[in-house]
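Derivation of every value follows stated rules applied to the coordinates shown; laboratory data play no part. Because the structure is a prediction, the values reported are computed rather than measured. Positions of Cβ are generated from backbone atoms using ideal geometry, with glycine treated the same way; all protein chains shown enter the neighbour counts.
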Amino acid sequence: MSIQTAYRASASGGRYVTASTPSEAAELFFATFNKARKCDVIEGVKDGHFFTVAFGRTSPKQWKDVTKNQAGELK
């Protein structure tokens with residue numbers, strides 16, 4: 001199994017998806033959960049089935065309250 005940087009888009013109720021870029025994660029989230037209005041995207045590491053976010057001296061990249069219209073603009 002390889003460790004790779006990934007982005008998770010999530011919302012309340014335990015709904016989430018993981019993708020390789022922040023914009024892909026947000027777009028996949030809204031495609032999967034088409035009634036959702038907002039999601040949060042955070043950078044982490046994917047190792048097999050596990051997604052881990054490391055907080056320390058530097059915070060991971062994250063975007064709060066992303067809407068469908070903003071999903072393609074994340075970088």
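Tabulated results
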item: Cross-link reach list, aspartates and glutamates versus Lys75, counting only Cα pairs under 16 Å and skipping chain neighbours closer than eight places; result: Glu24, Glu27, Asp40, Glu43, Asp65
item: Spin-label pair Ser59/Thr5, simplified geometry with 7 Å Cα→Cβ offset, distance in nm; result: 1.8 nm
item: Violating pairs (Cα-Cα greater than 20 angstrom) within the set Lys35/Lys68; Lys35/Lys61; Lys35/Lys64; result: Lys35/Lys61
item: Exposure proxy ranking, count of Cβ atoms within 10 Å, fewest first, for Arg37, Arg8, Arg57, Arg15; result: Arg57, Arg37, Arg15, Arg8
item: Computed [θ] at 222 nm, helices only, for the chain once each DSSP H run of length n ≥ 4 contributes -39500 (n - 2.57); result: -4500 deg cm²/dmol
item: Extreme residue, positive dipole direction of the chain, given options His49, Gly13, Ala25 (C-beta unit charges); result: Gly13
item: Length released on extending from Thr67 to Phe50, taking residue separation times 0.36 nm less the Cα-Cα span; result: 3.5 nm
item: Peptides ranked, highest mean first, by Cβ atoms within 10 Å: ranges 60-69, 22-31; result: 22-31, 60-69
item: Nearest-0.05 FRET efficiency for Lys75 and Leu28, computed from C-beta distance (R0 22 Å); result: 0.85
